[in-house]
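The values are calculated or read from the model by the stated rules, or taken from the named source; none is laboratory data. It should be emphasised that the depicted structure is a prediction, and the values quoted were computed from it without experimental measurement. Using ideal geometry, Cβ is built from the backbone for each residue, glycine included, and neighbour counts are taken over all protein chains shown. These accessible areas exclude ligands, DNA and RNA; they are computed on the full protein's heavy atoms, side chains included. Shrake-Rupley method; radii C 1.70, N 1.55, O 1.52, S 1.80 Å.
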Amino acid sequence: MEIVVLKFGGTSVGSINRIKKVAKIINQYVKRKKKVIVVSSAMSGVTNEFINKSKKISNNFESSEYDVLVSAGEQISCALISGRLNHLGIKSRSWLSWQIPIVTEGNYKKSRIINIHRNRILNYLKSGGVPIVTGFQGINLENRITTLERGGSDSSAIMIAKYFKAKKCIIYTDVEGVYTSDPHLIRKAKKIDKISYEEMLEMSSLGAKVMQPVSIQDARLNRIDIDVKSSFINKKGTLITKKKNIITYKTITGVSFTKNDTKITLLGVVDKPGVAASIFEPLSKNSVNVDMVVQNISSDGKETDLTFTIKNEDILKTEKLLKKNSKIKYKNILIKKNLSKVSIIGVGMITTPGVTYRMFKALSKKKINIQVISTSEIKISVLINKNLVKKAINALHKEFNLEK
Ligand code: ADP
Ligand code: ASP
Ligand code: MG
């Protein structure tokens, strides 16, 4: 049985008219005698609305109930898609994660799929039906509803493609594919024909919302090719695949950015073994995500300055934790918010010398000050002022010929 997985994102199912359009797309596959499994997100804005409601109920909303609440949007969109397919004379029904079941493990809000039972869906496909499966949600071994982190419908689609050995996994979204940078911000961003899992993973982890990072990890582990394309117009999209399938590389494949980063600097930290661990342990225990970390070596070997970045929303929590931490001693704490991390990504940089220099030079020509730097084999990230992001990305597009 040749199975195709089609995933539709929030904007693609964002209105009644769009859902009608989605049903038409599904119908095109049905007409070609494909066995289709559809995965849907909630209508755009719905998940955020639920999150806001939970915050109004309590600033300490129980995470198991949070998952029940925020996964509810997917149930609505799946029923609407099935309803429309039925209207067109196509046999279809919605499948909530627990009805399959899609089994997850790990904490609420960020569970991971560990098993998908195949029988019921396979029988339904054999009977000629089109299953419409709720993305983003699962059920754990305690029989409770879970969710897969924001953007988690991508993970649902990839894992369904894995368990059903699908020939194709197509992610339908509101842009024509993966671009060199967010096409909604950067007018000159170009669509990428093919991108490796490694690059896509960096791009999405570093801010490109178009694919959820976890889903790319899953796709890479299971060697699942992903087509990202628009649900609005029928055009070739982007193929996310293994490196071997990509013949030519530019030096840089794309530029990602984050918003709302904050830089914390601890000045005059007593320099002794274990000090970094005592700073970061309470932060990690309290779910503060620490990103870039830089430690300066002190000239006298007694004191050092330590800089790290967090998200703006964690400033108060972090400040409190640092101030009440009796295990560390420092002279002063500096907090600078509203920064952004801009990253260039590309496997091509492994074999091309001078990329770092070119990046810094391009930014300095635009008088953009770099506050923190971090690098890995296929990416270079810099922390800059948030209001300079667009300028920086445009300069980097020019420097690395991404506009062409
Ligand atoms: P969906 O609801 O379909 O899952 P998302 O909103 O999660 O869609 O992701 C699509 C959005 O990702 C686009 O609208 C675009 O603004 C944003 N985006 C950010 N970086 C990129 C990029 N490099 N290429 C394409 N889209 C990007
Ligand atoms: N609806 C969920 C979210 O907004 C999942 C998804 O869109 O993939 O995060
Ligand atoms: Mg998404």
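Restricting attention to the range 232-241, which residues are surrounded by 23 or more Cβ atoms within 10 Å (Cβ to Cβ) and either over 15 Å from the mean Cα position of the chain (by Cα) or more than 15 Å from ligand 3 (Cβ to nearest atom) (or both)?
THR238
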Query raised in the report: Just checking, how many residues over the range 201-226 are more than 16 Å from ligand 2 (Cβ to nearest atom), in contact with a helix residue (DSSP H, G or I) (Cβ under 6 Å, 6 or more places away or on another chain) and open to solvent by less than 50 Å² (accessible area, probe 1.4 Å)?
Result: 2
Query raised in the report: Here is a list of conditions, (1) without any contact (Cβ under 8 Å) to a residue 60 or more places away in the chain; (2) in contact with a strand residue (DSSP E or B) (Cβ under 7 Å, 6 or more places away or on another chain); (3) of a type outside the set (Val, Ile, Thr); (4) farther than 23 Å from GLY152 by Cβ, and LYS243 meets all of them except one; can you say which number that is?
Result: (1)
Requested in this report: Can you work out which of the residues in the range 284-308 that are open to solvent by less than 50 Å² (accessible area, probe 1.4 Å) and without any contact (Cβ under 8 Å) to a residue 40 or more places away in the chain is farthest from TYR108 (Cα to Cα)?
Outcome: GLY301
**Report entry** Residues within the range 61-76 that are assigned to a helix (DSSP H, G or I) and either within 9 Å of ligand 2 (Cβ to nearest atom) or among the β-branched types (Val, Ile, Thr) (or both), tallied
**Finding:** 5
Requested in this report: Please go through the range 121-156 and pick out each residue that is closer than 20 Å to LEU80 by Cα and surrounded by fewer than 18 Cβ atoms within 10 Å (Cβ to Cβ).
Outcome: GLY128
Requested in this report: Check LEU221 against each of (1) free of Cβ contacts under 8 Å to residues at least 24 places away in the same chain; (2) within 16 Å of ligand 3 (Cβ to nearest atom) and name the one condition it does not meet.
Outcome: (2)
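Find the residue count for the range 122-137, including only residues that are within 16 Å of ligand 2 (Cβ to nearest atom) and over 23 Å from GLY151 (Cα atoms).
Our first condition is that a residue be within 16 Å of ligand 2 (Cβ to nearest atom); within the range 122-137, this holds for 132-137.
Imposing the further condition that a residue be over 23 Å from GLY151 (Cα atoms) reduces the set to none.
Number of matching residues: 0.
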Report task. Answer yes or no: is there a residue in the range 98-110 that is touching a Cys at 6+ places or on another chain (Cβ under 6 Å) and within 25 Å of VAL210 (Cα to Cα). Result -> no
**Report entry** All positions within the range 171-218 that are more than 14 Å from ligand 3 (Cβ to nearest atom), over 22 Å from LYS259 (Cα atoms) and among the β-branched types (Val, Ile, Thr)
**Finding:** ILE192, ILE195
Query raised in the report: Of these, LYS162, LYS168, which one is out of contact with any Phe, Trp or Tyr (no Cβ under 9 Å at 6 or more places or on another chain) and surrounded by fewer than 18 Cβ atoms within 10 Å (Cβ to Cβ)?
Result: LYS168
Requested in this report: Starting from the range 183-210, take each residue that is farther than 17 Å from SER376 by Cβ and list its partners that are open to solvent by 50 Å² or more (accessible area, probe 1.4 Å) and near ligand 1 (Cβ under 9 Å from one of its atoms), counting only C-beta distances under 7 angstrom and pairs at least six apart or across chains.
Outcome: ALA189/ASP182
Report task. Please work out if LYS229 is open to solvent by 10 Å² or more (accessible area, probe 1.4 Å), at negative phi and away from ligand 3 (no atom under 16 Å from the Cβ). Result -> no
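Go through VAL39, VAL22 for me and flag whichever is in a helix (DSSP H, G or I) and either within 16 Å of ligand 3 (Cβ to nearest atom) or touching a Gly at 6+ places or on another chain (Cβ under 9 Å) (or both).
Details: VAL39 fails: in a helix (DSSP H, G or I).
Going through VAL39, VAL22 in turn, the sole match is VAL22.
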Report task. Taking only the range 169-195 into account, find how many residues are under 29 Å from ALA72 (Cβ atoms) and more than 16 Å from ligand 2 (Cβ to nearest atom). Result -> 2
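Residue-by-condition table, conditions (1) more than 14 Å from ligand 1 (Cβ to nearest atom); (2) among the charged types (D, E, K, R); (3) at pLDDT below 95:
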residue: ILE145; (1), (2), (3): yes, no, no
residue: MET159; (1), (2), (3): yes, no, no
residue: CYS169; (1), (2), (3): no, no, no
residue: MET211; (1), (2), (3): no, no, no
residue: LYS235; (1), (2), (3): no, yes, no
residue: LEU239; (1), (2), (3): no, no, no
